[in-house]
Structure formats: C-alpha cells, structure tokens
Amino acid sequence: MVHDLAFCGDGEELLPPGHRVGEWTVTGPIGEGGWATVYAARRAEGTAGSDGADGVDDTIALKVLPTAGLAPRQARQVAEAAHREAELARTAPHPRLVRLLDTLTLAAPDRPALDGSIVLVMERARCTLRDLLATGVDEARGARIIAGICEGLAHLHRSGWVHTDLKPENVLIGRDGEVRLSDFGLAIELTGTHGHCAPMGTPDYLPPERWKAPLGEHGVKIRTTADIWALGIVIHEVFAAGVPPFPGATPTARNAAAQQYAEGRAALRLAPAVPPFWRALAADCLAPTHAARAPHTAESLLARIRAHQSGRRPRRPRPRTALLALAACATAAVTATALWPRPDPAAHPARIRVFNAERGCQDRTDRDPRCSLGLAVDPLRPYTAENVIPTRVWNNDTLDADCQLPTGLPVINEEDLTSTVWYRIHLPGPTTAWLPAVRTKDRPTLLRCP
C-alpha cells in the first residue's frame with residue numbers, strides 16, 4: 001500500500017503512463033524517495049484477474065527500486081531491502097501490515113536506468129498519517145490510529161521482527177480507513193532478544209541508545225524497544241498537531257534535546273494538548289533507556305488502550321481534543337489568576353521582545369510549532385509542559401510586561417544562559433503568564449512583582 005503524493009522528481013518521468021510492467025499498466029507517478037520511485041498502476045485489460053474476481057483491487061502501487069549504475073555495495077543494499085520486504089510479507093502477513101502482492105524484475109531495454117530494477121507490487125493507500133496530521137486529528141480518530149499501530153507492532157514483534165523506521169510517513173491509512181504499517185526495507189529479523197542493523201534510520205525517531213551503540217561486524221544492536229521509542233514520538237505528534245516532543249528547528253537540534261533528556265539533564269516536556277491518558281502512554285514509550293522501556297511492550301500498550309477505550313462512554317460523539325484544549329485554557333487562566341493577581345491597568349507596562357536562542361528559529365516567519373516557546377503559569381514551579389499556558393509565542397513577538405520577579409526558578413536556554421528573573425506578561429482577557437528573562441534580550445526597568 002502506497003500513499004498519494006505529488007511526484008517530486010525534477011526530471012523526465014522514468015515510467016510514462018501506459019508503460020506495461022508485468023500484468024500492470026502505469027497510470028502515473030505517486031512519489032519518489034532516496035532509493036525508490038512509486039507509480040500508480042492498473043491491472044492491464046485482458047489479464048487474469050482484471051475483472052476483480054481474485055479480490056485484488058485493480059488500482060495498485062508499483063515501488064520501483066533501480067539497481068543500474070549503483071556501486072556493488074549499494075546494489076546489494078537495495079536487493080537486501082527488497083528481500084526483507086518480501087520475506088516479511090511472506091512469513092508474517094497481518095491486516096495491520098501493508099500487503100505485498102507480487103515482486104518482479106523490470107525489463108526495460110529502452111530505459112537503461114530502469115532495466116533490471118526490482119519492482120514491489122503493493123496495495124495502494126488513501127494517505128499517510130503525516131498527511132492526516134497536516135489537517136488535524138481528533139482524539140477519537142487518533143486513538144484508533146495508535147491502536148492500529150500497536151496491533152501492527154505487536155504482530156511484528158511476536159513474529160520476531162523490528163520495524164526500525166516507524167514514523168508517520170510509514171503509517172498508511174487505507175481506503176477502508178484502517179492503519180497499515182509500511183516500508184520494511186530497514187526491518188530487522190531478531191535472533192533471540194536482538195538483531196543487528198546498519199547505522200541508518202530517521203534521526204527524529206531513533207532511540208537515544210542508538211547514537212552511542214558500538215558498531216560491530218554486523219552493525220549496531222537493535223531491539224523491539226527501538227520501535228516503542230518511535231511509537232512515543234508518533235503518539236505525541238498525533239495529539240499535538242504534528243509537533244515532536246523534543247524541541248528544535250532541525251533534526252540535529254531535536255536529537256540533542258532528546259540526548260539531554262536521556263542523560264537526565266532535561267525533563268521530558270510533553271505538549272499540553274496531549275490528553276492525560278495519551279501523555280502517560282507517550283511518557284512510558286519515551287523512557288530514556290532500553291531497560292526502562294522494556295516492560296512497555298506493544299501488546300501491553302495495546303491492552304492499556306483497549307481498556308481505556310472500553311471504559312470511556314461519551315454521551316455525545318464530540319471530539320474530545322477541542323474540549324480538552326478549552327479545559328486546559330480555562331484551567332491555566334484560573335490557576336494563573338489565583339496565584340498571581342491580574343496586572344493593574346493603571347500600571348506602565350514595558351514592551352519586551354521574545355528571543356529564541358535556537359538559531360534555526362530566529363529567521364523563520366512561518367510560526368512553525370517546533371519553534372514556539374511557552375509562557376509559564378507559575379514562575380515558582382518547574383518550567384515544564386504542565387506549567388505552560390496553551391498560548392504560544394515565537395521569536396520577535398512583542399509582549400506587555402508590568403513587573404518582574406527576580407527570584408523565580410532558574411531557567412537555562414539553548415545558549416546555556418541562566419537567569420532567575422521572570423517578567424509578568426499581560427495577555428488579552430483574564431490570563432496572566434510569565435516569561436523567563438532568558439527568553440528576551442530586553443532588560444526593562446520594572447517594579448518588583450508583589
């Protein structure tokens with residue numbers, strides 16, 4: 001199953017519409033990646049099964065992996081990746097895994113770059129989870145998606161495989177609306193408790209131990225807990241509108257933040273938008289070490305999800321995400337007002353400009369959620385996700401501050417600057433919030449907050 005994407009090649013289409021590949025006729029490009037190009041195809045007229053009697057959809061996807069022109073080692077890697085996908089599909093089929101229909105070798109003597117390519121014939125999906133995150137997912141749908149991912153992972157792990165590249169792009173949503181895990185080119189078959197793989201993967205979803213694992217003759221050691229870590233990232237992204245749990249404008253910055261957390265130098269700060277049950281589930285998946293994650297298997301997580309779903313009886317089918325967001329806003333507002341009096345309108349506020357020390361966020365104008373900063377509810381409590389109001393701010397935003405607290409909890413920014421000074425921010429409506437001084441370069445002269 002392959003999702004619909006705009007074809008992103010910058011040259012001539014390698015396989016034009018109408019080109020015959022085995023029993024299939026290419027209808028157009030879907031997308032391309034580092035090793036493969038994907039095409040939509042339809043069963044050629046007059047071939048066996050073209051009437052749909054065999055139960056196979058007549059519209060499928062062809063994943064074409066060229067080997068021509070590659071160095072011998074690269075060609076072996078491509079062939080091994082295709083073999084893994086085929087072997088997994090053969091030995092461990094499951095409704096939550098993409099269905100591989102066939103494999104073949106492409107004969108295209110008129111196209112030397114494609115002649116001899118390996119072709120995987122797969123079901124075609126409606127979209128990816130990444131596509132859904134771009135439009136928003138309510139809690140009910142998010143719960144079904146995460147449950148489906150856990151079903152697929154539980155089956156993989158029981159069958160002795162580790163996906164190793166779980167991410168929203170590899171979670172496909174079928175035409176039936178159900179989840180299918182896909183792209184098993186990096187999947188590893190376990191030998192006992194672990195397997196070995198090449199030091200490859202998507203940085204945002206690799207567990208902390210992968211970055212320091214010794215590289216042996218067979219690669220780095222991999223275990224099922226690597227998938228559990230990636231699942232924690234995905235859970236957070238599903239319920240936080242695509243925002244990853246570790247801050248940073250680039251994968252390198254986010255990986256550095258994850259390493260700080262894993263080493264105990266930073267707290268795990270999950271977005272306030274993540275509902276409590278899913279926050280706890282994500283936190284368990286994101287335990288900093290393999291040993292700490294080991295008890296949280298895909299099966300045990302799935303059991304928790306099913307128990308949570310069976311125990312919830314909503315009277316009206318309204319998305320709870322919006323309700324929880326409103327509740328969070330109301331709670332933050334009430335808490336802030338109770339802890340700290342609203343600024344006196346007669347006071348003389350100072351205008352201060354927000355500063356994000358992450359250089360990759362300083363020149364952005366698109367208000368990327370990954371570059372947003374939080375305003376605290378209480379400057380005497382740890383500056384964590386639980387102590388941040390829903391309203392976010394970005395570099396160069398201007399805020400009204402009416403007083404300062406010189407003895408709040410210390411905050412360290414990305415440049416390792418530390419300060420205990422906090423500014424009380426006057427926001428529209430009844431809400432009051434706090435900005436740590438390390439989040440601005442301004443140093444206004446303000447009265448001490450009462």
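All of the numbers you see were taken from the coordinates with simple rules; none came from a lab. Quick caveat: nothing in here was measured; it's all calculated off a predicted structure. Here the Cβ positions follow ideal geometry from the backbone for every residue, glycine too, while neighbour counts run over all protein chains shown.
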- Query: What residues have an amide H closer than 5 Å to that of THR27, excluding those fewer than 5 places away on the same chain, when H is modeled at 1.01 Å from N in the peptide plane?
  - Reply: GLY18, ALA40, ALA41, ARG42
- Message: Could you derive backbone 3J(HN,Hα) for region 101-114 from the dihedral phi with the Karplus parameters 6.51, -1.76 and 1.60 (θ = phi - 60°), listing whole Hz in sequence and x where the residue is Gly or Pro?
- Response: 8, 5, 10, 7, 10, 7, 9, 9, x, 7, 10, x, 5, 10
- Kindly list the residues of region 262-293 that lie in the label zone of THR193, defined by a backbone N under 13 Å from the point 7 Å along the Cα-to-C-beta vector. 290-293
- List the lysines whose Cα lies under 29 Å from the Cα of LYS221, skipping any in the same chain that are fewer than 8 positions away. LYS63, LYS167, LYS212
- Mind listing the phi-derived Karplus ³J(HN,Hα) values for region 431-440, rounded to whole Hz, using 6.51, -1.76 and 1.60 with θ = phi - 60°, and x for any glycine or proline? 7, 10, 9, 10, 10, x, 4, 6, 9, 8
- Amide H neighbours of TRP161 at under 5 Å, excluding residues fewer than 5 places away on the same chain, with H built from the backbone geometry, are LEU190
- Which order results if VAL98, VAL421, VAL377 are arranged by neighbouring Cβ count within 10 Å, fewest first? VAL421, VAL377, VAL98
- Taking amide H positions as placed 1.01 Å from N in the peptide plane, with prolines and chain starts having none, which residues 5 or more places from ILE222, or on another chain, fall under 5 Å of its amide H? GLY195, HIS196, CYS197
